Amino acid sequence: MLIPVVLLLGYFIGAPSGARSYMLIALFFCILMLPLMMNYHHIALVATWNAAFTLGFLPGLPKVWYVVALFSIMLTIMARIVHRKPLISYKPLSLSMVFFAFTAIMTGMLRGVSV
């Protein structure tokens with residue numbers, strides 16, 4: 001299974017024919033980095049927290065830390081599923097979080113903000 005993947009990757013690295021080959025190479029390296037990022041995604045989040053960089057190719061020009069925060073949340077949820085831990089392990093905190101979310105949603109609805 002690994003030999004055809006390595007041969008294909010070597011072909012794409014040796015003779016890049018356009019954006020598609022670069023995307024396949026990037027996808028392969030992202031898949032390889034996934035276990036490492038599951039352990040160390042907090043470092044990337046802290047490093048980009050106050051960065052002034054924006055991602056110009058995405059609509060709305062989001063800041064880099066928005067995307068890294070979304071990636072970090074997804075990795076946290078995935079790690080909790082893999083290790084079979086509850087997402088929120090401290091029950092009194094979960095009740096206050098639900099109350100806070102309910103208050104924020106109700107305040108937005110009363111002020112006319114669509115949810």
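We did not get these values from a lab; they are worked out from the coordinates using the rules stated. Just so it is clear, the model here is predicted, and its values are computed rather than measured. All Cβ positions, glycine included, derive from the backbone under ideal geometry; neighbour counts span all protein chains shown.
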Karplus (6.51, -1.76, 1.60) ³J(HN,Hα), θ = phi - 60°, over region 36-44, in Hz, Gly and Pro reported as x
5, 6, 5, 8, 10, 6, 5, 5, 5
Counting only C-alpha contacts under 8 Å and six or more residues apart, can you give the relative contact order of region 38-78 as a whole percent?
41
How fast does region 2-84 diffuse by Stokes-Einstein, in µm²/s, taking the Kirkwood radius from C-alpha pairs at 10 °C and 1.306 mPa s?
106
Give the relative contact order (percent, whole number) for the chain; include only Cα pairs under 8 Å separated by 6+ residues.
13
Add -39500 (n - 2.57) for each DSSP H run of 4 or more in the chain, then divide by its residues: what number comes out at 222 nm, to the nearest 500 deg cm²/dmol?
-24500 deg cm²/dmol
Determine the gain in length on full extension of the stretch I43-L2; use 0.36 nm per residue of separation and subtract their C-alpha separation, reporting nm with one decimal.
11.7 nm
Taking K85, K63 and counting other C-beta atoms within 10 Å, the order from fewest to most
K85, K63
Could you work out how far apart the two model spin labels at L93 and A52 are, taking each label as a point 7 Å from the Cα in the direction of the beta carbon, and quote it in nm?
3.4
Checking F29, F71, F99 against a Gaussian network model of the chain (alpha-carbon springs below 10 Å), the top fluctuating residue turns out to be F99
